[in-house]
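Worksheet for the structure shown next.
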Amino acid sequence: MNASSRHPTPESAAPARSTELPATESWPLATSAWLADRLRAGSCPPDPAFDELLPGDLRLVSGDYWTPLAVALTAARWLEEQAAGTVVDIGAGPGKFCLTVALASRCEVVGFEHRPRRVAVARALAQQLGLERRARFVEGSLGETPLPVGGAYYLYNPFAENLYGPSSSLGGDVELSCARYALDVNIVLDTFRRAPKGTLVLTYNGFGGCMPASYQPIRTQRELPCVLRMWRKTRSGDDGGFSPAGAD
């Protein structure tokens, strides 16, 4: 699997990205202070520099499951341009996207994650990076825990693990099934339909569903391992159809 592995589609499939350092590249010791300074300046460190802050097992799967820094920085720039307030990352993992956006923009971020250990890691990293007041993490499952409300939502195909075989699962500590996949996608779609006009949604490699017709794509970046899109809700309510842009 590679950075597009969260149930990749033909549009988003891409060659594997190495998580090893290029032989010709070097940088200062990846301390949290150095990393934070680079991200605040809008500069993109190599992904292994951030991943060094993660526990070993989460570091090993970063290229498959956690948002690349280049993607998070692009999202942060788009969110800043749209004057987004609070951004909710659905399926936040150990917080790589949330913490990057908090450093690179003025947004407040909320990570929603169903695995307790990942929440604990994300909270510890927020403290290490001095982001306790800008980034918070909520442990919960869709349908059981209320999804935090935000002016923007981010999804990196967070439910695809339900469709993987046991050998690709990240552990048996949560329910995984095709029924769970369908339920989570429908809960998210219902959230988007009920959201007020002006709500933003960012998808990276999609989320398993089609955006409601009340949303229109306003930004698209294809020069990344997967396709990153930003959508805006342009009218209140929803007619039950899908955006003319089609499936994401």
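The values are calculated or read from the model by the stated rules, or taken from the named source; none is laboratory data. Given the structure is predicted, the values throughout are model-derived calculations rather than measurements. No Cβ is skipped: glycine too gets one built from the backbone with ideal geometry, and neighbour counts run over all protein chains shown.
Taking Ser243 as the residue in question, decide whether it is of a type in the set (Ser, Thr, Tyr), modelled with pLDDT under 95, surrounded by fewer than 16 Cβ atoms within 10 Å (Cβ to Cβ) and not in a helix (DSSP H, G or I). Against the criterion (of a type in the set (Ser, Thr, Tyr), modelled with pLDDT under 95, surrounded by fewer than 16 Cβ atoms within 10 Å (Cβ to Cβ) and not in a helix (DSSP H, G or I)), Ser243 does not qualify.
Residue pairs whose Cβ atoms lie under 6 Å apart, sitting 6 or more positions apart in sequence or on different chains, and linking a residue in the range 190-202 that is touching a residue at least 12 places away in the same chain (Cβ under 8 Å) to a partner that is hydroxyl-bearing (Ser, Thr, Tyr), are Lys197/Ser236; Val201/Tyr153; Leu202/Tyr154.
Here Tyr154 clears all of (1) at pLDDT 90 or above; (2) out of contact with any strand residue (DSSP E or B) (no Cβ under 6 Å at 6 or more places or on another chain); (3) not in a helix (DSSP H, G or I) except the condition numbered (2). For Ala76, the criteria (1) surrounded by 19 or more Cβ atoms within 10 Å (Cβ to Cβ); (2) touching a strand residue (DSSP E or B) at 6+ places or on another chain (Cβ under 8 Å); (3) among the aliphatic types (A, V, I, L, M) hold in every case but one, which is (2). Just so you know, in the range 216-237 the residues that are in a loop (DSSP other than H, G, I, E, B) and among the aliphatic types (A, V, I, L, M) include one that is surrounded by the most Cβ atoms within 10 Å (Cβ to Cβ), and it is Val227.
Is it the case that the range 138-154 has a residue that's buried (at least 20 other Cβ atoms within 10 Å of the Cβ), in contact with a Cys (Cβ under 9 Å, 6 or more places away or on another chain) and free of Cβ contacts under 8 Å to residues at least 60 places away in the same chain? No, every residue in the range 138-154 fails to be buried (at least 20 other Cβ atoms within 10 Å of the Cβ), in contact with a Cys (Cβ under 9 Å, 6 or more places away or on another chain) and free of Cβ contacts under 8 Å to residues at least 60 places away in the same chain. Restricted to the range 53-73, and to residues there that are within 16 Å of Asn205 (Cα to Cα) and of a type outside the set (A, V, I, L, M, F, W, C), the residue that is surrounded by the most Cβ atoms within 10 Å (Cβ to Cβ) is Thr67. Filtering the range 81-112 to residues that are within 17 Å of Arg40 (Cβ to Cβ), touching a helix residue (DSSP H, G or I) at 6+ places or on another chain (Cβ under 7 Å), among the small types (Gly, Ala, Ser) and outside any loop (DSSP other than H, G, I, E, B) leaves only Ala104.
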